[in-house]
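Written below as structure tokens is the structure these notes are about.
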Amino acid sequence: MLLFIKNYDLLLLKKKYILLYVLNLTDILFTLLLLQTGYFTEMNLFMVSAVDHPLICILLKVIFPAFLLGYVYHTSKTGDDEQLRISNIAVNISLSIYTLVNLSHLVWTAMLPFLILGHI
């Protein structure tokens, strides 16, 4: 695991970008599912109004990140060692944040039956 975090060769960075994209997709999936229950609200200030509009939501959380990460990966191909190191730090921070967000969603999903039973 430590090697995964510390290493920043191009192939590993590509895997990290893909993992970041998957975590982004699971974030929006969990968010939309939890919002449908009526027990939760969107906490991300950038997404509060977007989650009410499916097209905007898909653009912001599916299409735009795919293009952005593709662009970042493409430009990483010509990056020197220092640029790859900085990219690695940035993607590791992003992965950490999205991992925590997804874990939070999992905890709330696990607690959902108790919330529902408490309101019956």
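The values are calculated or read from the model by the stated rules, or taken from the named source; none is laboratory data. All figures in this text were calculated on a predicted structure; none of them were measured in a lab. For neighbour counting, all protein chains shown are included, and Cβ atoms are generated from backbone atoms with ideal geometry for every residue, glycine included.
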Could you check segment 54-68 and list, in sequence order, the residues that are under 16 Å from PHE30 (Cα atoms) and either assigned to a loop (DSSP other than H, G, I, E, B) or of a type in the set (A, V, I, L, M) (or both)? ILE58, LEU60, VAL62
Note on segment 69-98: residues assigned to a loop (DSSP other than H, G, I, E, B), surrounded by fewer than 13 Cβ atoms within 10 Å (Cβ to Cβ) and either touching a Lys or Arg at 6+ places or on another chain (Cβ under 6 Å) or free of Cβ contacts under 8 Å to residues at least 40 places away in the same chain (or both) are THR78, ASP80
Assuming ILE28 fulfils every condition listed in (1) surrounded by 15 or more Cβ atoms within 10 Å (Cβ to Cβ); (2) not in a helix (DSSP H, G or I) apart from one, which condition is it? (2)
Any chance VAL101 is among the β-branched types (Val, Ile, Thr), surrounded by 14 or more Cβ atoms within 10 Å (Cβ to Cβ) and either closer than 30 Å to LEU2 by Cβ or within 17 Å of the chain's Cα centre (by Cα) (or both): yes
Working only within segment 5-17, note down all residues that are surrounded by fewer than 17 Cβ atoms within 10 Å (Cβ to Cβ) and closer than 22 Å to SER104 by Cβ. ILE5
State yes or no: is ILE116 modelled with pLDDT under 95 and exposed (fewer than 14 other Cβ atoms within 10 Å of the Cβ)? yes
Out of everything in segment 31-45 that is free of Cβ contacts under 8 Å to residues at least 12 places away in the same chain and either not polar (S, T, N, Q) or not in a loop (DSSP other than H, G, I, E, B) (or both), what residue ends up being farthest from LEU68 (Cα to Cα)? GLY38
State whether the residues of segment 69-81 include one that is under 16 Å from the mean Cα position of the chain (by Cα) and small (Gly, Ala, Ser). yes
